[in-house]
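Everything below concerns the one structure shown next.
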Amino acid sequence: MVALLDVQPSHRVWEIGPGIGAVTSLLLEQGAKVTAFEIDHGFCRILSEQAFTDEPSFRLISGDALKTLPSQLALEGSPDRLCGNLPYNVGSVVIAKVLESDHRPPVMVFTLQKEVVDRLCAQPQSKDWSSFSLLAQMDYEVKPAFSINSGSFYPPPKVTSSTVVFTLRAQSLVPLQLRQTFLLVIRDLFAQRRKTVKNNLLSGKIGAAVGRNGVEALLSHSQIDPSLRAEALAWADFIALSESLANYQAMYIVGTAPNR
């Protein structure tokens, strides 16, 4: 994990869920300034009172990372690197909070349940292609690095783990002005995977805002077959639909949108 992070001396590295500091120690050996986010009180005592008591480059932020990480990003901006062996029950939520924020570290490396990594790295028309895949890949190149069997952990989990690498793109796949519209589109389209794109839009926030006529107009302008399911769509389709929705919203503001 540390090798994948490519840590340089004086890099600010934030680690989520350090446990007793196995990865933390290696990061500090690389000359990094490490901020650790840990929720477990026992681990916090070990980290602060035993493992890194006299380490000036170590800082501990105790508490739930779902709350402390977003607030710290807002306060300090992006670190140079972000990493963690993430709890399986909240790992995807933690990553989503970072991806949806305005603060994106250049490199992130996480260990997660293999199924979650498969979704993050999925390609169009695969069974794992989802709104989570799109969210991850719009700003990052996302690649699996290696898998880890359960015997490498204590206590051993009942699932296989995988490590995934996020590398920030030089340019986002989604234009800044479309970002919020794009996020709305992918959430609605993947809300219920068995539904068609038209039915998902009608039953989601977009349908509530523009009505049936509006949904049909959006799909027509985007040249998207309303009978398809979301996993059949490619990047160009999601961008086209986001552009159509943004244009529709602009017309609605000035009173020229089609009748709902």
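Just so you know, all these numbers are worked out from the coordinates, no wet-lab data involved. Bear in mind the structure is a predicted one, so any value in this text is a computation, not a measurement. Here Cβ is always computed from backbone atoms with ideal geometry, including for glycine, and neighbour counts include all displayed protein chains.
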Open item on the list: Give me the one-decimal Kirkwood hydrodynamic radius in Å for the range 125-260, with the sum taken over alpha-carbon pairs.
Closed with: 16.6 Å
Open item on the list: For the range 176-253, take the convex hull of the Cα atoms, compute a quarter of its surface area, and give me that in nm², please.
Closed with: 4.5 nm²
Open item on the list: Full-extension gain between Ser220 and Ala234, please, as 0.36 nm times their residue separation minus the C-alpha to C-alpha distance.
Closed with: 3.4 nm
Task: Computed [θ] at 222 nm, deg cm²/dmol, the chain (DSSP H ≥ 4; -39,500 (n - 2.57); rounded to nearest 500) - done: -12500 deg cm²/dmol
- [ ] Determine, for His221, His11, the number of other Cβ atoms within 10 Å of each Cβ, and report the residues in order from fewest to most.
- [x] His221, His11
TODO: Can you tell me the FRET efficiency between Ala3 and Glu100 if r is taken as the Cβ-Cβ distance and R0 is 41 Å, rounded to the nearest 0.05?
DONE: 0.90
Task: Burial ordering of Trp129, Trp14, fewest other beta-carbon atoms within 10 Å first - done: Trp129, Trp14
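On alpha-carbon atoms, Rg over Rh for the chain using Kirkwood Rh?
1.05
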TODO: Multiply the residue separation of Ser152 and Arg187 by 0.36 nm, subtract the distance between their alpha-carbon atoms, and state the gained length in nm to one decimal.
DONE: 9.1 nm
- [ ] Using Cα centres only, tell me the gap between the range 93-118 and the range 1-55 in whole Å.
- [x] 18 Å
